[in-house]
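The values are calculated or read from the model by the stated rules, or taken from the named source; none is laboratory data. Computed from a predicted model, the values in this text were never measured in an experiment. Note that we place each Cβ from the backbone using ideal geometry, even for glycine, and neighbour counts take in every protein chain shown.
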Amino acid sequence: MSSEPAFVHATDATHDPALQSWVASANSPDTDFPIQNLPFARLRRKVAAGEMAEPWRVGVAIGDQVLDLKIALEICPWAAEVAVHLEPLAAGDLAGYMTAGRTAWRAVRAALSEALSEGSLNGPFLESALVPQAEVEYALPCTIGDYTDFYASIHHATAVGRLFRPDNPLLPNYQWVPIGYHGRSSSIVVSGRGLRRPLGQIKPADASPPVLRESRRVDFELELGALIGPGNALGSRVGIDEAEAHLFGLVLFNDWSARDIQPWEYQPLGPFLSKNWGSTVSPWVVTMEALAPFRVPFTRPADHPQPLPYLDSATHRAHGALSIQLETWLQTSRMRKEGSAGERLMGSDTAEAAYWTLSQLIAHHTVNGCNLRTGDLLGTGTLSGPGPGQGGSMLELSQGGKVPVALANGETRTFLDDGDTVILRGRCVADGRRAIGFGECRGTVMPADS
Ligand code: MN
């Protein structure tokens, strides 16, 4: 693995902005899935109630279609070094492919790009391997192993700190240590699922003792999730320049949170039941190869402490960060009845929001010898931007529930109501590059089961 390129910043023919696909919808300027993207998801055709469901398989998004890799493998000739990697994918196993490493990922990406490009001799065969995205349902991309959530946005950490500690918003360790905690993977679900408003032990400020009741402060957190490809052995460390060899790709991640359960339970050991009742991931995994054109330098303000050497390198400074435009949208049940697709609540850019990069999170996570495994998920933490209105949670947008957010149809929100659907979106845009996107991460708050 050490011979493989460390940072995924080199672009190649698969990133050529002039490249077009024989799948017409992939050439539309506003699609998230042009031929330069090629993300993976685990999916199957939806069937009517009572019909036998197909086995899960892996597909690649192209425009508004999916290339079903099971059919693509059967009907089309592939080079042997590509076919060997398509076989587990065709059988629905993305995790097997995630362990294969960057050389394999690059070979498969090049082959898929060639097969889907305009003029490809494979085009006429592969047309019958296309399924409209509207006709499929998604599973989690892989079995998610351990889940760690970080706190990588200094703007989020400062805004939340200010609500709880007005005199001392940012704790002194923040600029030195990538802060994180171990979460729970069992309640991570794929986009489109509803989640019940949780019950919890809540201590109202003016009442003692605490009571068990439904949360009245259900919130979203706008994050990215990083999926680990090949892991490291227990007792080994992953250096900053090798970190991305372990990183397969990214998803959008909503770390749902109950803000009235959280303050009563989080000291001294950190978040627990306020967080583990559900998290939602987007179905499409955007690979690190696809993100190569959107790398930006890692910078630290001169008056801040510079990272310790294990979190720093010249290559990392040149290419360590990513620029992804993130947005959160809200569709209330009233908007749904009125036929509205929802309203944009906020937007931020990961390059401005994140104080720590993905490589730094991996290098820090393993510095003590902790092993990361294939399918582990690292959440970045809420990616709030520096400006007002760039908060990545209702907690920030409503200033701790004190200032209701006014919606265009006259409704207001401090936190989320039953029936509210939160939609996360992500898109990468750079001069001279074909824009790519993440699709949607969508989840709805259901009434509590009381
Ligand atoms: Mn979080």
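The sole residue among Thr382, Thr421 that is hydroxyl-bearing (Ser, Thr, Tyr), buried (at least 22 other Cβ atoms within 10 Å of the Cβ) and in contact (Cβ under 8 Å) with a residue 60 or more places away in the chain is Thr382. Assessment of the stretch 385-404 against the conditions (away from the ligand (no atom under 16 Å from the Cβ), among the hydrophobic types (A, V, I, L, M, F, W, C), closer than 27 Å to Ser187 by Cα and buried (at least 17 other Cβ atoms within 10 Å of the Cβ)) yields no matching residue. The test for being at pLDDT 95 or above, of a type in the set (Lys, Arg), part of a strand (DSSP E or B) and more than 16 Å from the ligand (Cβ to nearest atom) holds for Arg427.
Does the stretch 97-115 hold any residues that are in a helix (DSSP H, G or I) and hydrophobic (A, V, I, L, M, F, W, C), and which are they? The answer is Met98, Ala104, Trp105, Ala107, Val108, Ala110, Ala111, Leu112, Ala115. As a summary of the residue check, Val177 satisfies the conditions (1) part of a helix (DSSP H, G or I); (2) under 30 Å from Arg300 (Cα atoms); (3) out of contact with any Pro (no Cβ under 8 Å at 6 or more places or on another chain) except for the one numbered (1). Please name all residue pairs, on different chains or six or more residues apart, with Cβ atoms under 6 Å, provided the first residue is in the stretch 244-258 and is closer than 17 Å to Leu416 by Cα and the second residue is near the ligand (Cβ under 9 Å from one of its atoms) and in a loop (DSSP other than H, G, I, E, B). Listed by first residue and then by second, the contacts come to Asp255/Glu221; Ser257/Glu221; Ser257/Lys275. Whenever a residue of the stretch 72-97 is touching a residue at least 60 places away in the same chain (Cβ under 8 Å), its partners that are of a type in the set (Phe, Trp, Tyr), lying with C-beta atoms within less than 9 angstrom and at least six residues away or across chains, give the pairs Leu94/Phe40; Leu94/Phe248.
Looking only at the stretch 256-288, residues that are surrounded by 24 or more Cβ atoms within 10 Å (Cβ to Cβ) and charged (D, E, K, R) come to 1 in all. For the stretch 296-316, the set of residues classified as over 18 Å from Thr366 (Cβ atoms) and more than 26 Å from the chain's Cα centre (by Cα) consists of Pro301, Ala302, Asp303, His304, Pro305, Gln306, Ala314, listed by residue number.
Taken as a whole, the structure leaves Ile144 outside the set of residues that are of a type outside the set (Asp, Glu) and in contact with a helix residue (DSSP H, G or I) (Cβ under 8 Å, 6 or more places away or on another chain). With the condition kept exactly as written, say whether any residue in the stretch 415-428 is closer than 30 Å to Cys142 by Cβ and in contact with a Lys or Arg (Cβ under 7 Å, 6 or more places away or on another chain). Yes: one or more hits. Meeting the requirement of 2 or more residues that are within 16 Å of the ligand (Cβ to nearest atom), the strands (runs of 3 or more DSSP E) wholly within the stretch 195-286 are 222-228, 247-254, 279-281. For the stretch 140-189, a tally of residues being without any contact (Cβ under 8 Å) to a residue 12 or more places away in the chain, closer than 23 Å to Thr350 by Cβ and among the polar types (S, T, N, Q) returns 1.
Taking the stated definitions as given, is Arg413 surrounded by fewer than 23 Cβ atoms within 10 Å (Cβ to Cβ) and over 19 Å from Phe253 (Cβ atoms)?
Numbers: surrounded by fewer than 23 Cβ atoms within 10 Å (Cβ to Cβ): yes; over 19 Å from Phe253 (Cβ atoms): yes.
Criteria met by Arg413.
Here the stretch 116-138 is the region considered, the condition is being surrounded by 20 or more Cβ atoms within 10 Å (Cβ to Cβ), part of a helix (DSSP H, G or I) and more than 22 Å from the chain's Cα centre (by Cα), and the residue that is nearest to the ligand (Cβ to nearest atom) is Leu116. Only one of the numbered conditions (1) outside any loop (DSSP other than H, G, I, E, B); (2) within 16 Å of the ligand (Cβ to nearest atom); (3) basic (Lys, Arg) is not met by Arg317, and that is (2).
The number of residues in the stretch 416-437 that are closer than 18 Å to Phe220 by Cα and within 22 Å of the chain's Cα centre (by Cα) comes to 8.
Output the residues belonging to the stretch 335-351 that are more than 16 Å from the ligand (Cβ to nearest atom) and either without any contact (Cβ under 8 Å) to a residue 40 or more places away in the chain or crowded, with 20+ Cβ neighbours inside 10 Å (or both). Matches in the stretch 335-351: Met335, Lys337, Gly339, Ala341, Arg344, Leu345, Asp349. Please find, within the stretch 98-115, the residue that is nearest to the ligand (Cβ to nearest atom) out of those that are surrounded by fewer than 21 Cβ atoms within 10 Å (Cβ to Cβ) and within 19 Å of Ile228 (Cβ to Cβ). Among those residues, the one meeting the criterion is Thr99. Residues in the stretch 139-155 that are in a loop (DSSP other than H, G, I, E, B), within 16 Å of the ligand (Cβ to nearest atom) and not charged (D, E, K, R): Ile144, Tyr151, Ala152.
Determine, yes or no, whether Ser186 is within 30 Å of Ala10 (Cα to Cα) and surrounded by fewer than 16 Cβ atoms within 10 Å (Cβ to Cβ). Answer is no for this residue.
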